[in-house]
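Data block below; observations after.
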Amino acid sequence: MNNKDLNELIKNIETDLDILKPIPYVGWVWEEVDFDAPVKIAVIPNSDMHAHVPYIGIVFNNLWNYPEYILTIDETISLKKLIEDCVNMCSYINMEKIQRFLKLTLDCRSDVMDKCQEWRERRASI
């Protein structure tokens, strides 16, 4: 699926299903993503939206300075496939596969997890 069509389906899926962020992203609204280039993801450690579970999503501009990671091109291809599956047949199973992929991708990145801990500590000190 080309980028233009995929981005349009992602924008419409929230409205059609009345589900907040079935394709996880960090920001107020979905912005165009070039899935042919490495995609940037960010982690919101202990987000209010998800209690004590980090929220991981595609990030467009990291205004909040959340810990971030740029996917490799192979990881981006895998993510794009999962997203295509989800927009073609949106289900909680397909949405969960995306979250699981993002989490597993970051679990082996100790530098990103260290940044999450630093972010939590800074937030706790405020």
Cβ pairs under 9 Å, 6+ apart, first in segment 84-96 and surrounded by 10 or more Cβ atoms within 10 Å (Cβ to Cβ), second among the polar types (S, T, N, Q) and modelled with pLDDT of 85 or more = N94/N88
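Give the residue that is nearest to V39 (Cα to Cα), with candidates limited to residues of segment 79-117 that are among the basic types (K, R) and assigned to a helix (DSSP H, G or I).
Step one: of segment 79-117, the residues among the basic types (K, R) are 80-81, 97, 100, 103, 109, 115.
Within this subset, residues satisfying the condition of being assigned to a helix (DSSP H, G or I) are 80-81, 97, 100, 103, 115.
Details: K80: 10, K81: 13, K97: 17, R100: 17, K103: 15, K115: 19 Å.
The qualifying residue nearest to V39 (Cα to Cα) is K80.
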If you check W28, W119, which single one turns out to be surrounded by 11 or more Cβ atoms within 10 Å (Cβ to Cβ), modelled with pLDDT under 90 and farther than 17 Å from L9 by Cβ?
-> W119
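Could you list, in sequence order, the residues of segment 55-78 that are of a type in the set (S, T, Y) and not in a loop (DSSP other than H, G, I, E, B)?
First pass over segment 55-78, keeping only residues of a type in the set (S, T, Y): 55, 66, 69, 72, 76, 78.
Y55, Y69, T76, S78, listed by residue number.
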Can you name the condition, by its number, that R109 falls short on among (1) in contact with a Phe, Trp or Tyr (Cβ under 7 Å, 6 or more places away or on another chain); (2) buried (at least 17 other Cβ atoms within 10 Å of the Cβ)?
-> (2)
Among (1) surrounded by 13 or more Cβ atoms within 10 Å (Cβ to Cβ); (2) at pLDDT below 75, which single condition is I23 missing?
-> (2)
Checked segment 101-112 for anything of a type outside the set (S, T, N, Q) and farther than 17 Å from V59 by Cα; matches are L104, D107, C108, R109, D111
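The values are calculated or read from the model by the stated rules, or taken from the named source; none is laboratory data. Keep in mind that what you see is a predicted model, and the values were worked out from it rather than measured. Please note: Cβ atoms are built from the backbone with ideal geometry, for glycine as well, and neighbour counts cover all protein chains shown.
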